[in-house]
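What follows is one structure encoded as structure tokens, with my remarks underneath.
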Amino acid sequence: MNSPTLSTIQSRELSRNLITFLSLYKHISDSYIIEFFSEELWETLPTNWQQALCDLSPPQISDLLLDRSSVNVHRSYPSVWPLSLMAFRATAHTLAFPRMPRSKTTKEVGTLKPEEFQENQSQSSLLGHIFRKHVKPKKQHEIRRLGTLVKQICDVTGCMRVVDVGSGQGHLSRFLSFGLGISVTGIEADATLVAMASKFDGQLLCTLEKEKKKNCSLQYSVPGPSPRHVTGWINPKKSWEVFIKQLGFGDCVAEDRIAAALKKSQWESMFVPEQKHLHGDQPVSAAYSDSDQTALSLENNDMLNTSNAIHNIMSKNAQESECQSVSSFSPKRFCKMEAGKELCADGYPYAHPMYEEELPAGTVVCPRENEPRHPDLVLTGLHSCGDLSATLLRHFANCPHVRGITSVACCYMKITTKEKPTPPGLLAPPLSSTLTNEVTHCEFGYPMSSWLQGLPGHQLSYKSREGACHAMEDYMQRLREDSSLLKTHCYRAVLESVIRGTRPDMRRAGIQTIKKSHQLPFHEYARLGLPRVGLPADLPLDTGKVEAMLKQQGRVVVYFSLALLLAPVVETLVLLDRMIFLQEQGIESQLVPLFDPVFSPRNLVLVALKPKRDKGKTKPS
């Protein structure tokens, strides 16, 4: 798998291979590491595997088993490995989609932070300070790179309206709107987060106003339109029409009321010349810090490759005509309202319907010629949980107004399946939901494609999907450092054995995280953990048996690493199913490893664009 861009035949063949491989090692991917002792998991491995793996040091486990680069590189093995074990490792690495951004070398993954955090570990050197406030480093890294990708898609499709689904506190929405000049609507189910997003928007504007007063020659460009925040829970069983209504675009879609209280400076920002791409000459703006120009050149090739990927998707689509779309903030479609400036043919100023109520009394609005009622938009979801990412893909495929999508998924264990339609942690609809009398859908989050639904053995257990969310690169770093954090799994597995010795009916009881457990002796760890499952803290322990299990920490680490090696394979099957689903709708897509996997383990972005419309065809209503 050298490229995540696949033809229909390649996708189907890969899905067969993935299912066959995962079926062979289902006993590993479906196992719980906390049951290592109580279920004797080590004994489930082939004897020759046990002999080859039992004495490996943590750094050797990382280099010989988990490191993808070791497949074709000469390594020093402490013993002769059985061919079946080497085939297992090689196949797992080969079948999984690549997870490393092209701008980062293989040796850097798992060892170094992104270049943008070398000077300050908490502040990205590539993001303007106004976008770093209230934002953790991980999110800074994500919103900058994903925002740039979304901007490229908007440029390719001609869309300047973006819907940020699951927008949270609005960090991505702010970067897209204020930093990149895009009209953004964010929708979030948590009303508290929506209120915080609006609060942070106001703080950003106040900061810019203060800086502008202090320095009249400030080189930041005026920010784009304020993002619009909507509170709403997206029901995966409802149609795309219901989703569009939730966005508040009016009757079926379309008319934002983003600028109800737009300041004059923001109105004038619509006439700021469009910024160029990162891989071209770009003026310094509020989106980036003052020292960006040198730092950005480090990622030029990476972003250029991403841009080429977008154009490759477009070139595969059947129709090659111009994409017609409307930008609510396009300077070509708007004029200032002041008298005598930029009048239309009839002598009246142009104005968008959403600004009509702000026009001076007596102003006559000139309707624009041939304006479609429903402007196009791009969907984006940054780590959409469970079924939400699948729901967005269905809306993208079915809604004629959505021209592009970037989908970053997470929480695969919360995806609904036919075998487990209500998995633990599934977000239920709010009690205030009043969406009734609408067409409902019975599709599950996995599998989405008709092709996978017809393949025997395609089922993925809850545990295998939960394992697909684990961070391999982070664990590789722990192994290379021989970190004391490695004892955590062994501690929990020993405690599980102790619990079952007293309560055989209690299996995998929730202990939750015990802070700094790796720094505690086991008896102290047990004293804190036992009361959490209703057992006395001073429960007598069989010291000899406990010590014997603790000495097997190396085996626990090895077994967990075997399961972790399968995590990217499971994730690949889930994401490949979505790509095949889009192919069945006549839509090409591509997976882009956009984020640094050490910073953001769920770093694969599914990018898809609709085929361009023929010039002679009218917009669907």
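The values are calculated or read from the model by the stated rules, or taken from the named source; none is laboratory data. Note that the structure is a prediction, hence the values are computed from the model and not measured. No Cβ is skipped: glycine too gets one built from the backbone with ideal geometry, and neighbour counts run over all protein chains shown. SASA here: full protein model, heavy atoms, side chains in, ligands and nucleic acids out. Shrake-Rupley method; radii C 1.70, N 1.55, O 1.52, S 1.80 Å.
The figures follow:
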| quantity | calculated |
| --- | --- |
| Odd one out for residue 140 among (1) more than 18 Å from residue 600 (Cα to Cα); (2) buried (at least 21 other Cβ atoms within 10 Å of the Cβ) | (1) |
| Residue in region 45-53 that is under 28 Å from residue 574 (Cα atoms), at pLDDT 95 or above and open to solvent by less than 50 Å² (accessible area, probe 1.4 Å) present | yes |
| Top-ranked residue of region 380-390 - restricted to ones that are surrounded by fewer than 24 Cβ atoms within 10 Å (Cβ to Cβ) and touching a Lys or Arg at 6+ places or on another chain (Cβ under 9 Å), ranked as nearest to residue 594 (Cα to Cα) | 383 |
| Single unsatisfied condition, residue 527 versus (1) buried (at least 22 other Cβ atoms within 10 Å of the Cβ); (2) not in a strand (DSSP E or B) | (1) |
| Subset of region 391-425 (residues that are on the phi < 0 side of the Ramachandran plot, over 18 Å from the mean Cα position of the chain (by Cα) and open to solvent by 40 Å² or more (accessible area, probe 1.4 Å)) | 398, 418, 419, 420, 421, 422, 424 |
| Which listed residue is in contact (Cβ under 8 Å) with a residue 12 or more places away in the chain and open to solvent by 10 Å² or more (accessible area, probe 1.4 Å), from 605, 570, 574, 533 | 533 |
| Residues within region 70-85 that are at pLDDT 95 or above and either open to solvent by 50 Å² or more (accessible area, probe 1.4 Å) or under 30 Å from the mean Cα position of the chain (by Cα) (or both), tallied | 2 |
| Residue identified as at pLDDT 95 or above and of a type in the set (S, T, N, Q) among 111, 91 | 91 |
| Segments classed as helices (runs of 4 or more DSSP H), wholly inside region 176-284, with at least 3 members that are at pLDDT below 85 and crowded, with 16+ Cβ neighbours inside 10 Å | 264-269 |
| Which numbered condition residue 509 fails, given (1) at pLDDT below 95; (2) under 28 Å from residue 402 (Cβ atoms) | (2) |
| Within region 1-62, helices (runs of 4 or more DSSP H) holding 1 or more residues that are of a type in the set (Val, Ile, Thr) and within 25 Å of the chain's Cα centre (by Cα) | 8-24 |
| Matching residues in region 489-508 - criterion: being buried (at least 21 other Cβ atoms within 10 Å of the Cβ) and over 29 Å from residue 419 (Cα atoms) | 490, 491, 494, 495, 498, 499 |
| Residue count, region 457-487 (criterion: buried (at least 21 other Cβ atoms within 10 Å of the Cβ) and among the aromatic types (Phe, Trp, Tyr)) | 1 |
| Some residue of region 154-170 being touching a helix residue (DSSP H, G or I) at 6+ places or on another chain (Cβ under 6 Å), buried (at least 22 other Cβ atoms within 10 Å of the Cβ) and free of Cβ contacts under 8 Å to residues at least 40 places away in the same chain | yes |
